[in-house]
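The values are calculated or read from the model by the stated rules, or taken from the named source; none is laboratory data. Model, not experiment: these values are computed from the prediction. Ideal geometry is used to build each Cβ from the backbone, glycine not excepted, and the neighbour counts take in all protein chains shown.
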Amino acid sequence: MDICDRILIGNSAAIQGVKELTRHVAKSDLNVVICGESGVGKELVAQALHLSSNRRDGPFVKVNCAAIPKELLESELFGYERGAFTGADKTKKGKFELGHKGTVLLDEIGDMPLALQSKMLQVLQDFQFSRLGAKKDVTVDCWVLAASNQDLEQAVSSGRFREDLYYRLNIINIFIPPLRDRVEDIDPLIDFFAAQSAHKIENVAFEFTDSVRDFLRQYSWPGNIRELKNTVERLMLLGDWQTVQRLLLARETKWVDGHEPGIQPAPLAPDPDKKETRQQKFPPLKEVKKKAILRAEGELISEVLTETGWNRKRAAEILQISYKALLYKIKQLNLRPED
Ligand SMILES: Nc1ncnc2c1ncn2[C@@H]1O[C@H](COP(=O)(O)OP(=O)(O)O)[C@@H](O)[C@H]1O
Ligand SMILES: [Mg+2]
């Protein structure tokens, strides 16, 4: 078991591929972009890259380009001399200097301001720069990794990200798929996080039964592994499964709302601006039909969900609709599991 296997839990083909690539790339100093949704493990993969490389005994330094105010990011990266600007009362090294002989992770690189992107491009040529307000250059030896949860190619085409910097950084691209696309990893991750928190908790209040695991395996995990970790820790501590289940369903419904699976919601109320709905004694037939269909759908879906114990993947199979379409229907019809 090497460092990748030790820190990157999961056996899905997807995570195996990520581990393989990580081991391979760690032997080089090639620039890497790690991409994937928030919480999939980008930072952890960056650490695995560092720890698998010859730089493992050097520093690992992370800069979150989205969290640091634009005006400060440059001084954070390159440092400054005393008196460089108001408030610079002592000389400070930047992250690149701190990462000398080690690895620097530029997290959320897509949020780096354009002006700084051109400076970055220069720095990546020769690793020479000067602290703000300094006369002399410093030279550093860093392995630069970048991570992003945005589609950088799209950022390039919309002019938010420099194309030349993109090609410079993206020599190797490691994509980490969302957790919902590697369901096999959920059980080992539950066990891993449960064991981790068992160490910290005196009286563990929870057992991950088959039905709990079933539910967790089907959940969409919009917050990916970070959300799974928080969920496991909370359950281990509080054991409030009913509440957690409800919170997860509510969160998933919201998430599905933002990712409409291509079916149009049927309007339940007539549009008051439409001519034909004004001064009508009888509702239009179309509307009655829609309502009747929704009601019938609601009844059938509830029945199937109850039957399957809210196993939504199985329910979708039985109903012969896509999983996403089912989640959407659940939201549209405001269905929830009964106590
Ligand atoms: N494969 C994995 N095995 C174990 N823990 C993981 C794995 N992937 C992510 N994590 C954990 O999930 C959390 C989120 O990971 P992180 O690397 O910060 O995600 P990202 O940078 O993509 O937002 C961290 O606590 C991390 O340790
Ligand atoms: Mg991160």
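For the reader, a short list of remarks on this structure follows.
- Highlighted here are the helices (runs of 4 or more DSSP H) found entirely within the stretch 1-98 that include at least 3 residues which are touching a residue at least 40 places away in the same chain (Cβ under 8 Å), of a type outside the set (Asp, Glu) and closer than 25 Å to residue 126 by Cβ: 42-52, 70-78.
- Flag if residue 121 is farther than 21 Å from residue 49 by Cα, away from ligand 2 (no atom under 16 Å from the Cβ) and either among the polar types (S, T, N, Q) or not in a loop (DSSP other than H, G, I, E, B) (or both): yes
- Some residue of the stretch 151-173 being within 16 Å of ligand 1 (Cβ to nearest atom), over 19 Å from the mean Cα position of the chain (by Cα) and part of a helix (DSSP H, G or I): no
- You will find that of 129, 161, the residue that is in contact with an Asp or Glu (Cβ under 9 Å, 6 or more places away or on another chain), in the same structural domain as residue 96 (by TED's automatic domain parsing) and closer than 21 Å to residue 82 by Cβ is 129 and no other.
- Flag for residue 207 being part of a loop (DSSP other than H, G, I, E, B), within 24 Å of residue 308 (Cα to Cα) and not assigned by TED's automatic domain parsing to the domain that holds residue 314: yes
- Complete set of residues in the stretch 1-45 that are among the small types (Gly, Ala, Ser) and either surrounded by fewer than 16 Cβ atoms within 10 Å (Cβ to Cβ) or away from ligand 2 (no atom under 16 Å from the Cβ) (or both): 10, 12, 13, 14, 17, 26, 28, 38
- Residue in the stretch 108-126 that is in contact with a His (Cβ under 6 Å, 6 or more places away or on another chain) and buried (at least 17 other Cβ atoms within 10 Å of the Cβ) present: no
- The number of residues in the stretch 288-314 being among the hydrophobic types (A, V, I, L, M, F, W, C), farther than 15 Å from residue 253 by Cβ and modelled with pLDDT of 85 or more comes to 2.
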